[in-house]
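K.L.:
Here it is: the structure, laid out below.
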Amino acid sequence: ETGVTQTPRHLVMGMTNKKSLKCEQHLGHNAMYWYKQSAKKPLELMFVYNFKEQTENNSVPSRFSPECPNSSHLFLHLHTLQPEDSALYLCASSQDAGDPYNEQFFGPGTRLTVL
Amino acid sequence: AQTVTQSQPEMSVQEAETVTLSCTYDTSESNYYLFWYKQPPSRQMILVIRQEAYKQQNATENRFSVNFQKAAKSFSLKISDSQLGDTAMYFCAFMKGNAGNMLTFGGGTRLMVKP
């Protein structure tokens, strides 16, 4: 596998379920990001991790819980979601989050549907 | 807070012709970066071109070039000799110079290249 991978690619869950999204990057990067892409809103940054430390939480509801156990892996734990949380969740990585010249590389996304 | 506006939800162009996608932004920052990202139907977002606000010269990458008008806060993307593979969603994005690599995206323009 190369680049940024995300699993699962599609997920359907009920509002009472608990599920997790996984992102893995094979680029040797130190920064990882979660974005939400809704049908009717611009792409929104959710969380930023730099060297495993969370450096940004963009006012995301607590029903979304990120975890970054190492620089290569990023998880998004989901619980008691709402139907409006249905969206494409994109993961990205970059060399580090402190240099704007570091390009962000995106994964293919997980299409989440909350019933 | 920064905002990025893409006023053209959808555009189409004939193969081999030229098309220009519009983007305007609002910021009080003096040090920032602007980006165009492409998201093909397969969904993996890739960087097309980047412009540093302190540079007066417009960035170019092969068939892709920008028209950066700093005073007008305008950042349009020109695609020359359009190819079928250029069919995608195009997102304009803004990043503050010291913002830890945090991107603010516009709503996107869906470009269809017709044979």
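K.L.:
Applying the selection to region A:28-58, what residues are at pLDDT 90 or above, exposed (fewer than 15 other Cβ atoms within 10 Å of the Cβ) and either under 23 Å from residue B:106 (Cα atoms) or in contact with a Gly (Cβ under 9 Å, 6 or more places away or on another chain) (or both)?
P.N.:
Scanning region A:28-58 gives a single hit, A:38.
K.L.:
Please indicate, with yes or no, whether at least one residue in region B:63-78 is surrounded by 13 or more Cβ atoms within 10 Å (Cβ to Cβ), in contact with a Lys or Arg (Cβ under 8 Å, 6 or more places away or on another chain) and at pLDDT below 95.
P.N.:
Checked region B:63-78: no residue is surrounded by 13 or more Cβ atoms within 10 Å (Cβ to Cβ), in contact with a Lys or Arg (Cβ under 8 Å, 6 or more places away or on another chain) and at pLDDT below 95.
Here's the yes/no breakdown for (1) within 15 Å of the chain's Cα centre (by Cα); (2) more than 29 Å from residue B:9 (Cβ to Cβ):
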{"site": "A:7", "(1), (2)": "yes, yes"}
{"site": "A:10", "(1), (2)": "yes, no"}
{"site": "A:21", "(1), (2)": "yes, no"}
{"site": "A:27", "(1), (2)": "no, yes"}
{"site": "A:32", "(1), (2)": "yes, yes"}
{"site": "A:43", "(1), (2)": "yes, no"}
{"site": "A:53", "(1), (2)": "yes, yes"}
{"site": "A:64", "(1), (2)": "yes, no"}
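K.L.:
Starting from residues that are closer than 17 Å to residue B:97 by Cα and part of a loop (DSSP other than H, G, I, E, B), keep the ones in region B:1-51 and report whichever is modelled with the lowest pLDDT. Step through it out loud before you land on a result.
P.N.:
Initial filter on region B:1-51 (closer than 17 Å to residue B:97 by Cα): B:1-4, B:25-36, B:49-51.
Add one more test, that the residue is part of a loop (DSSP other than H, G, I, E, B), and what stays is B:1-2, B:27-31.
Numbers: B:1: 77, B:2: 83, B:27: 93, B:28: 91, B:29: 89, B:30: 88, B:31: 90.
The residue in question is B:1.
K.L.:
Continuing with the same structure: Give the residues of region B:9-56 that are basic (Lys, Arg) and within 23 Å of residue B:114 (Cα to Cα), sorted by residue number.
P.N.:
If we filter region B:9-56 for residues that are basic (Lys, Arg), which is where we start, we get B:38, B:43, B:50, B:55.
Correct list: B:38, B:43.
K.L.:
Can you list the strands (runs of 3 or more DSSP E) found entirely within region B:59-115 that contain at least 2 residues being within 14 Å of another protein chain (Cβ to nearest Cβ)? Walk me through it before giving the result.
P.N.:
Values: elements: B:64-69, B:74-79, B:88-96, B:109-114.
Output list reads B:88-96, B:109-114.
K.L.:
So residue B:40 ticks every box in (1) facing chain A (nearest Cβ under 9 Å); (2) closer than 21 Å to residue A:93 by Cβ; (3) of a type outside the set (Gly, Ala, Ser) but one. Which box is left unticked?
P.N.:
Condition (1) is where residue B:40 drops out.
K.L.:
Picking from A:38, A:71, A:62, which residue would you name as being hydroxyl-bearing (Ser, Thr, Tyr) and over 30 Å from residue B:52 (Cα atoms)? Give the steps one after another, and end with the answer.
P.N.:
Numbers: A:38 fails: over 30 Å from residue B:52 (Cα atoms); A:71 fails: over 30 Å from residue B:52 (Cα atoms).
Among A:38, A:71, A:62, only A:62 is hydroxyl-bearing (Ser, Thr, Tyr) and over 30 Å from residue B:52 (Cα atoms).
K.L.:
Just checking, which of A:21, A:45 is more than 11 Å from chain B (Cβ to nearest Cβ) and not in a loop (DSSP other than H, G, I, E, B)?
P.N.:
Details: A:45 fails: more than 11 Å from chain B (Cβ to nearest Cβ).
Of A:21, A:45, the one residue that is more than 11 Å from chain B (Cβ to nearest Cβ) and not in a loop (DSSP other than H, G, I, E, B) is A:21.
K.L.:
Are any of the residues in region A:88-106 in contact (Cβ under 8 Å) with a residue 24 or more places away in the chain, away from every other protein chain (no Cβ under 13 Å) and among the small types (Gly, Ala, Ser)? Reasoning before the result, please.
P.N.:
Quick first cut of region A:88-106, residues in contact (Cβ under 8 Å) with a residue 24 or more places away in the chain only: A:88-98, A:102, A:104-106.
Next, only the ones that are away from every other protein chain (no Cβ under 13 Å) stay: none.
The answer is no, given that none of the residues of region A:88-106 is in contact (Cβ under 8 Å) with a residue 24 or more places away in the chain, away from every other protein chain (no Cβ under 13 Å) and among the small types (Gly, Ala, Ser).
The values are calculated or read from the model by the stated rules, or taken from the named source; none is laboratory data. None of these values were measured; they are calculated from a predicted model. Positions of Cβ are generated from backbone atoms using ideal geometry, with glycine treated the same way; all protein chains shown enter the neighbour counts.
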